Amino acid sequence: MAHWFHRNPLKATAPVSFNFYGVAGSPAANKICNDLRTTRARLLEMFTDVTCNPEMMKNATDAYFSLLQGFISSLDGTTQENKMRFIQNFKWTDTLQGNTPSAQQDAVFELVSMAFNVAVWYTKFASRLAGKENITEPEAKDVHRSLKLSAGIFKNLKEVHIPRLITPAEKGRDLESRVIDAYIIQCQAEAQEVTIARAIELKHNATLIAALAFETANFYQKADHTLNTLEPECSSKWRKYLQLKWHFYMAYAYCYHGQTLLASDKCGEAIRSLQEAEKCYSRAEALCKEYRQTKGPGTTAKPSEQLFFLKLGGVIKNTLEKCQRENGFIYFHKVPAEAPQLELKASYGLAEPVPFELPPLGEQCTAEVYATFDLTKGAKNEKAKPKEEEVKPVKEPDLKPQKDTGCVVS
């Protein structure tokens, strides 16, 4: 598949023991704490396991979140805050801020941070799969769905769970609206890249491809503008990626719009559209170089050497030469000074986030068990509490882009 995606690092977190030293006053309560510890550890392992697939990730996520909700949801039938919500401190780093963690003593903070990492994992799974040689149609569908799932998780966190935090997200952190909005939009744009590849492979009409490319370019532009007030040292590399994809898909849009104009016997306008495609492509090429030279969080790659990039350059060149030949032999149209205004709307193929829902509350999380947690007994054991664990960076598997054969979705 002719795709390459920039990826920011996974969030890192300190280990959590869920040892509540006397607060858990029954075997059932102790079992919940033990299960929280093991399901959390298992989910964290999944993030760096290259054999993990979406089904395994969903199972691991559901196992942990079904228990964690027992510390968030009201279990006693009232509207009062769950008494266990604020008992445990959680530490998480951010995808853009290096190894400097944020900490909150709030189970909702743990929920949104872990779910954020799950969404990032889906984007990394999609990127790894899209970089395979000879990708199959089911695999391409997995890429497409994973990106839409990721967008749905980010969207759900933004709209439902992040507003519940007692301590608002700090500026530039993952849970802040500018950052999470950029992730949502990027996921949608990348999902549409898969759609465009399929539309080209199946030889759909140039009008549809131009419209999809234009909508995708607009997504990338919007994501870039969303980040323009963030600190440059943490966002510059990400923004270079968004900018190069924006100009790349504008080149796509002008190229296929030119084909539409030629088919409508508007050869002069077609030439001008292709000339604009060349201009956008050159700008994208320059941004590829800037991307490589920019320091910051994220993957390192040479996008201008990827086949997805080189292939479009050839299409633009060949289509422009064809238009110029036709104009010299048949049409003799004047080439307009101004590039055509693209007012393209795609009727099909737009990627919408897949709605995300938390799993049902675990069966063992009952009001009766919940009643055996006694917070008054926690204070007596302050000295027995272990020292806080430090946050160690996530050792992500080395997933270099594989050689691209030029195969697209069939």
Rounded to the nearest 10, the angle in degrees between the Cα long axis of helix 177-201 and the longest principal axis of the Cα atoms of the chain comes to 50 degrees
If we sort 229-236, 354-361 on the protection proxy, mean other Cβ atoms within 10 Å, highest first, what's the order?
229-236, 354-361
With N set to the residue count of the range 82-209, report its C-alpha Rg divided by 2.2 N^0.38 Å to two decimal places.
1.27
Over the range 217-348, what relative contact order in percent results from Cα pairs under 8 Å that are six or more residues apart?
30 percent
The range 55-149: C-alpha pair distances exceeding 16 Å, %:
65 percent
Cross-link partners of residue 158 among lysines (Cα-Cα below 16 Å; sequence separation of 8 or more within a chain):
148, 171
Would you check the accessible area of residue 84, probe 1.4 Å, heavy atoms only, in square angstrom rounded to 10?
0 Å²
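Over the range 128-190, what is the relative contact order in percent, taking alpha-carbon pairs closer than 8 angstrom and at least six residues apart? All intermediate terms of the calculation are to be shown ahead of the outcome.
Numbers: 37 pairs, mean separation 22.9, N = 63.
Rounded, it is 36 percent for the range 128-190.
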Accessible area of the chain belonging to carbon and sulfur atoms, whole % at 1.4 Å probe
51 percent
Grab the DSSP H runs of the chain that are 4 residues or longer, score each as -39,500 (n - 2.57), total them, divide by all residues and round the 222 nm result to the nearest 500 deg cm²/dmol.
-18000 deg cm²/dmol
Binned at 10 Å starting from 0, the alpha-carbon pair-distance distribution of the chain in whole percents comes out as 5, 21, 27, 20, 13, 8, 4, 2, 0, 0
On average, how much accessible surface per residue is there in the range 217-348, in Å², for a 1.4 Å probe, leaving out ligands, DNA and RNA?
51 Å²
Which lysines, on any chain, are close to residue 322 with Cα under 28 Å apart, when same-chain ones fewer than 8 places away are left out?
203, 245, 266, 279, 311, 334, 345
May I ask you to compute the full-extension gain from residue 26 to residue 80, defined as 0.36 nm times their residue separation minus their alpha-carbon distance, rounded to one decimal in nm?
17.2 nm
Residue 166 accessible area, 1.4 Å probe, all protein chains in place, Å² to nearest 10:
110 Å²
Collect residues whose amide H, placed 1.01 Å from N in the peptide plane, falls under 5 Å from the amide H of residue 90; neighbours closer than 5 in sequence don't count.
104, 105, 106
If you build the convex hull over the alpha carbons only and average its shadow over all orientations, what do you get for the range 217-348? Give it in nm² to one decimal.
9.1 nm²
Gain on full stretching of the segment that runs from residue 292 to residue 171 - 0.36 nm per residue minus C-alpha separation
40.9 nm
Please state the relative contact order of the chain as a whole percent: Cα pairs under 8 Å, 6+ residues apart?
28 percent
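The values are calculated or read from the model by the stated rules, or taken from the named source; none is laboratory data. Here the structure is a predicted model, which is why all the values come from computation and not from measurement. Positions of Cβ are backbone-derived with ideal geometry, glycine not excepted, and every protein chain shown enters the neighbour counts. For accessibility, only protein heavy atoms count, side chains too; no ligands or nucleic acids. Shrake-Rupley method; radii C 1.70, N 1.55, O 1.52, S 1.80 Å.
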